[in-house]
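Okay, structure first, notes after.
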Amino acid sequence: MLIKRKRGWEIPESQVTPENIFLNRRRFLAGAGVGLAAVAAPEPAAAFIFNRDGEAETEAELHPTSDLYPVQRNLRYRVSRELTDETAASSYNNFYEFGSHKRIWRAAQRLPTHPWAVTIDGLVEEEMTLDFEDIARRMTLEERVYRFRCVEAWAMTVPWTGFPLSKLVEMARPLGSARYVRFETFMNPDMASGQRQTWYPWPYVEGLTMAEATNELSFMVTGIYGKPVAKQFGAPIRLHVPWKYGFKSIKSVVRISFTEERPVSFWEEIQGSEYGFWANVNPDVPHPRWSQATEELIGTGGERVPTRLYNGYGEFVAHLYDDLQNEPLFM
Ligand SMILES: Nc1nc2c(c(=O)[nH]1)N[C@H]1C(S)=C(S)[C@@H](COP(=O)(O)O)O[C@H]1N2
Ligand SMILES: [Mo]
């Protein structure tokens with residue numbers, strides 16, 4: 001009989017208690033007789049490690065922050081679903097910079113992520129450009145298991161590592177006049193073939209209100225499945241706002257600006273009647289071309305489950321919209 005030893009992040013969330021997650025990790029480390037660096041090394045993802053010339057890169061070259069992983073899971077955020085299989089999640093991605101289909105993981109390995117600069121500008125006391133590695137080391141990293149829901153009605157449940165966006169907002173010292181946060185992805189058409197499709201409004205842009213950005217759920221992601229985030233998920237740093245459709249969760253962020261005017265996001269500019277600014281998940285508000293009532297769990301061979309209002313996070317975020325009932329909150 002094949003006995004598969006499960007790591008902490010492979011345990012169904014329903015079985016996790018504060019104690020056993022810690023013990024399981026420790027037992028795994030002791031049992032395997034290896035150090036943290038070895039544990040953090042990718043497993044199915046090993047096949048994903050190539051630099052842009054197709055040469056193998058070492059873990060240290062690829063991920064200079066590997067030594068920070070894995071980190072303690074924050075159990076305030078619980079989900080009653082099984083975690084999505086890592087290989088399934090790692091090979092089904094939306095990242096238009098590398099193609100308009102879901103099998104972009106190999107093309108995304110061309111993205112150079114080291115060094116990586118993030119500029120903070122707009123309505124702030126002082127503009128700054130920070131090195132990603134400095135950000136990751138300055139922040140206290142935690143793991144959070146969140147549900148993720150794409151507007152195309154597929155969903156996954158993954159353990160992200162990162163820090164609350166509110167901590168970055170704090171560090172940025174925005175002025176009182178700032179009402180929105182605008183995020184921008186890299187622009188490099190030579191490297192990312194999707195960006196040569198000039199009918200798209202590159203670079204990818206997204207935005208949140210200040211209240212949304214400082215909500216405790218808004219999370220800057222630096223890792224996934226207990227190690228630095230793989231390129232196809234938006235390395236080295238991306239956003240995840242779990243109560244909104246996935247297109248809000250912008251990948252590979254290079255610029256964060258504080259603005260008075262509401263930013264126009266990438267998909268809003270392409271098709272504003274289908275992809276709006278708010279994009280909160282709601283089973284009762286269909287997309288103009290399909291129902292949002294249920295969602296397919298990727299990696300399960302087609303299992304569908306009911307969609308939940310605010311993707312199940314209403315207790316954390318519904319109050320943000322009390323005074324916005326005239327806005328198209330669910331598209
Ligand atoms: N820069 C950038 N960010 C992006 C996208 C993209 O094409 N480019 N796709 C979005 C969409 S539509 C989804 S569903 C999620 C997919 O995230 P995943 O590949 O990590 O599952 O990323 C979002 N962030
Ligand atoms: Mo999406």
Förster radius 30 Å - calculated FRET efficiency between Ser177 and Ser291 (Cβ-Cβ, nearest 0.05): 0.15
Ordering 150-162, 82-94 by per-residue average of other C-beta atoms within 10 angstrom, highest first, gives 150-162, 82-94
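Per residue, how much accessible area does region 36-318 show when a 1.4 Å probe rolls over the protein heavy atoms, in square angstrom? Walk me through the intermediate numbers first.
Numbers: 11080 Å² over 283 residues.
The answer is 39 Å² per residue.
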Name the residues whose placed amide hydrogens come within less than 5 Å of the amide hydrogen of Ile224, ignoring near sequence neighbours (fewer than 5 apart) on the same chain. Thr161, Val229, Ala230
Loop sites in region 203-236: GluC sites (Glu not before Pro), DSSP, at most 14 other Cβ within 10 Å: Glu216
Roughly how much of Val71 is accessible, in Å² to the nearest 10, using a 1.4 Å probe? 20
Amide H of Val124: which non-local residues (sequence gap of 5 or more, or other chain) have their own amide H closer than 5 Å, using H built in the peptide plane? Leu175
Residues with amide H under 5 Å of Trp154's amide H, sequence separation 5 or more or different chain, H placed in the peptide plane at 1.01 Å from N; which? Glu296
Could you sort Thr185, Thr259 by their accessible area in this structure, using a 1.4 Å probe and putting the largest first? Thr259, Thr185
Please list 3J(HN,Hα) in residue order for region 301-311, calculated via the Karplus relation 6.51 cos²θ - 1.76 cosθ + 1.60 where θ = phi - 60°; whole Hz, with x for glycine and proline. x, x, 4, 10, 9, x, 6, 10, 4, 6, 6
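The values are calculated or read from the model by the stated rules, or taken from the named source; none is laboratory data. No experiment lies behind these values; they were computed from the predicted model shown. When we count neighbours, we look across all protein chains shown, and the Cβ atoms used for this are built from the backbone with ideal geometry, even at glycine. Heavy atoms of the whole protein, side chains included, go into the accessibility calculation; ligands, DNA and RNA do not. Shrake-Rupley method; radii C 1.70, N 1.55, O 1.52, S 1.80 Å.
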